[in-house]
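Notes follow the structure.
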Amino acid sequence: MAVSLEFVKDYVQQGLGDKLSTSVLAHGELTLEVAAEHWLEVARFLRHDSMLDFAQLTDLCGVDYLTYGDAEWDVTTASRSGFSRAAQATEADPFDFDAQEEGAQFAGKRFAVVIHLLSVSRNLRIRVRTRCDDNDFPVVASLVDIWSSVNWYEREAFDLFGIMFSGHPDLRRILTDYGFVGHPFRKDFPLIGQVEMRYDAEQKRVIYEPVSIEARVLVPRTIRADQRFSPAVERDD
């Protein structure tokens, strides 16, 4: 029996009470926000409640909000030749993080974990997000005992973002090389990396060296509205 997302939103709010921080239904998608301390309890409710039956976890990913809201393109000024080129963004400081987020509960929390759930019996998909309480050592509870499919997803989030999952049976890197230092999807990790590798014919082995390429902006320019008719645009003729 299929049910609407409006029904699910109201049902979840009644079932979870104050364990649910926020619920937003927009663009045909329902997003639930929960505190890390209620992560497991909310997950069990969504999985085992017969009215919801979210039996499948289809995805888990990490998020780093360190540079949230910053841009590497300037689209508020223009000239006859077009919009400005990419400009090198200021270097992110992981020790001076102050996220401008809505609501005091999650303000300043740098790392988040997001899961997407599927209920085949109800023909529903929802998104659930939680924030890690500690920016220096981000930890949330593992969901392996609820959805076994999350095992490698949590390993990926640990490898790329450095998010720890307490209770995970085998939390180790899954994508980066042996001995890799750092977490490459963190916003303060350089896009050019730390080292480069090549085969050395004289030593007859692969060697690692400091990276030699020059850092540059690699973010593609995206203009979501026609800025020519925006009052914020200043012409520079």
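Among the residues of segment 181-192, how many are within 22 Å of SER212 (Cβ to Cβ) and open to solvent by 70 Å² or more (accessible area, probe 1.4 Å)? The total comes to 2.
Just one of the listed residues (SER149, SER121) is in a loop (DSSP other than H, G, I, E, B) and open to solvent by 30 Å² or more (accessible area, probe 1.4 Å), namely SER121. Being open to solvent by less than 80 Å² (accessible area, probe 1.4 Å), part of a loop (DSSP other than H, G, I, E, B) and either under 25 Å from SER166 (Cα atoms) or modelled with pLDDT under 95 (or both) holds for only one residue in ASP59, ASP93, and it is ASP93. Scanning segment 155-180 for residues that are exposed (fewer than 14 other Cβ atoms within 10 Å of the Cβ) and assigned to a strand (DSSP E or B) gives a single hit, SER166. Would you confirm whether any residue within segment 131-140 is part of a strand (DSSP E or B) and open to solvent by less than 20 Å² (accessible area, probe 1.4 Å)? Yes - at least one qualifying residue is present in segment 131-140.
If the condition is being free of Cβ contacts under 8 Å to residues at least 12 places away in the same chain, under 13 Å from GLU41 (Cα atoms) and open to solvent by less than 50 Å² (accessible area, probe 1.4 Å), then segment 4-29 contributes only GLY17. Checked against (1) among the small types (Gly, Ala, Ser); (2) at pLDDT below 90; (3) under 30 Å from VAL42 (Cβ atoms), SER149 meets all criteria but (2).
The values are calculated or read from the model by the stated rules, or taken from the named source; none is laboratory data. Bear in mind the structure is a predicted one, so any value in this text is a computation, not a measurement. Please note: Cβ atoms are built from the backbone with ideal geometry, for glycine as well, and neighbour counts cover all protein chains shown. For accessibility, only protein heavy atoms count, side chains too; no ligands or nucleic acids. Shrake-Rupley method; radii C 1.70, N 1.55, O 1.52, S 1.80 Å.
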